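In what follows, a single structure is set out as structure tokens and then discussed.
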Amino acid sequence: TTDAPKGVPLSHQNMLANGAAAAPEHGIGPHDVILSAAPLSHLFGLYCPHLALAVGATQLLLPAFSPPALAATIEAGRASVLLTAPAHVSACLDTGLFEQHDVSSLRLAIMSGTTCPPDLVRALAAKLGQQAVSQLWGMTELQAGAFSRPGDGLDVAASSAGRACPGNEIRVVGEDGGELAPGRVGELEVRGASIFPGYLDNDGANAEAFTADGWFRSGDLASIDAAGNLSLSGRSKVLIDRGGVKFNPLDIERLLDAHPAIAQSAIAPVPDQRLGERACAYVVLAGADSITLDDIAAYLKAENVAKTKWPERLEIIAEMPLTPTRKIIKGKLRALVS
């Protein structure tokens, strides 16, 4: 998810210990049937069998996600715990699938993978019960780092990712590396049993990622309240997070800048109710010739760029907001368009 992809070695001790520590906090036991809407190629999806193995629960499999398949599998398999991303939930709610299928077996839905809109958490809770939804924050480098617990209340679940997983610590620091007071926004750091030992054969990345006393710098901006509940507010690294699939747009921007009709480009996220974020391409034209979103899609297809990285919105602007050193100020792009 960065410009230079990095290998993340994780041991079975890292991951199984994380599941064993978290399962009691989720209230998951041997009689549960656990289903993940996320694929097992994603670490959030892998969290599902780790939880099941930790307590002897049943792992229910979903061969491939589609909204009807998810709802039907919950009903047929009598799933009691669902691991899901906001995009999965939104698709099912929008199409009324939770009314068309019996999902009364569900007693807990754990939402993760991308920012969870509070209204979506509340909408799912209205279907499943006020204490039946929680949020989880994690990363490939540590799996489950923090989550809200059943019984914390809907307000906590809708507005935060709860408290640290047992065995881990979380803190928020300022630019000087000092820990910030509750409620203040800074960079989220985490330390503990589930943290990976370091990027594979990448001393430079490890020096940047870890503090001298072992805290992992997540790159996420967050605050922690007085009760220890974590609220995410953005990222210090500019990534697009589309439905839980994150990518750095730098390579796409380089390709767009090479297009003859484009003088300068920038890709930044715009909010999306279903997927959390979508990618918007902001473009300054090179001359009189204009360009359309379809033109950009065809160009990127010809360059063999994965469709998941194509921008889904195009805004043509007169000039880029720049710093004195000519760096694009992406935070100002959204204000340039309605």
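Observations on the model:
- Of the residues in segment 57-75, at least one is open to solvent by 40 Å² or more (accessible area, probe 1.4 Å) and among the β-branched types (V, I, T).
- Test for A54: is it part of a helix (DSSP H, G or I), among the small types (G, A, S) and under 23 Å from the mean Cα position of the chain (by Cα): no
- Restricted to segment 83-98, and to residues there that are assigned to a helix (DSSP H, G or I) and touching a Cys at 6+ places or on another chain (Cβ under 8 Å), the residue that is most open to solvent (accessible area, probe 1.4 Å) is F98.
- Selection from segment 190-221 of residues that are modelled with pLDDT under 90 and open to solvent by less than 30 Å² (accessible area, probe 1.4 Å): G219, D220
- Segment 252-273: number of residues that are farther than 16 Å from K301 by Cβ, open to solvent by 50 Å² or more (accessible area, probe 1.4 Å) and among the small types (G, A, S): 1
- So G56, is it at pLDDT 95 or above and over 23 Å from A125 (Cβ atoms): yes
- Among (1) outside any helix (DSSP H, G or I); (2) over 22 Å from the mean Cα position of the chain (by Cα) - the single one T73 does not satisfy: (1)
Every residue, every condition in (1) crowded, with 17+ Cβ neighbours inside 10 Å; (2) of a type outside the set (V, I, T), yes or no:
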residue: L275; (1), (2): yes, yes
residue: A279; (1), (2): yes, yes
residue: V283; (1), (2): yes, no
residue: I317; (1), (2): no, no
residue: I329; (1), (2): no, no
residue: K332; (1), (2): no, yes
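- Residue count for segment 140-175 under the criterion of being without any contact (Cβ under 8 Å) to a residue 12 or more places away in the chain and within 16 Å of A193 (Cβ to Cβ): the result is 0.
- The number of residues in segment 222-251 being open to solvent by 60 Å² or more (accessible area, probe 1.4 Å), within 20 Å of the chain's Cα centre (by Cα) and of a type in the set (G, A, S) comes to 2.
Residue by residue, here is whether (1) over 15 Å from the mean Cα position of the chain (by Cα); (2) polar (S, T, N, Q); (3) open to solvent by less than 20 Å² (accessible area, probe 1.4 Å); (4) modelled with pLDDT under 90 holds:
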site	(1), (2), (3), (4)
I110	no, no, yes, no
T115	no, yes, no, yes
L128	yes, no, no, yes
S134	no, yes, yes, no
L142	no, no, yes, no
F147	no, no, yes, no
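- Residue list for segment 120-139, filter: farther than 23 Å from L51 by Cβ and touching a residue at least 12 places away in the same chain (Cβ under 8 Å): R122, A123
- Long-range neighbours under 9 Å by Cβ, at least six apart or interchain, first residue over 20 Å from A52 (Cβ atoms) and in contact (Cβ under 8 Å) with a residue 24 or more places away in the chain within segment 64-81, second open to solvent by 40 Å² or more (accessible area, probe 1.4 Å) and in a loop (DSSP other than H, G, I, E, B): P67/T95; P68/T95; P68/H101; A71/T95; A71/H101; A72/H101
- Within segment 5-26, tally of residues that are part of a helix (DSSP H, G or I) and crowded, with 16+ Cβ neighbours inside 10 Å: 12
The values are calculated or read from the model by the stated rules, or taken from the named source; none is laboratory data. Being a predicted model, the structure only gives us computed values, none of them experimental. Methodologically, a virtual Cβ is constructed for each residue, glycine included, from the backbone with ideal geometry; neighbour enumeration extends over all protein chains shown. For the accessible areas, the whole protein counts, side chains as well, though only heavy atoms, and no ligand, DNA or RNA atoms are used. Shrake-Rupley method; radii C 1.70, N 1.55, O 1.52, S 1.80 Å.
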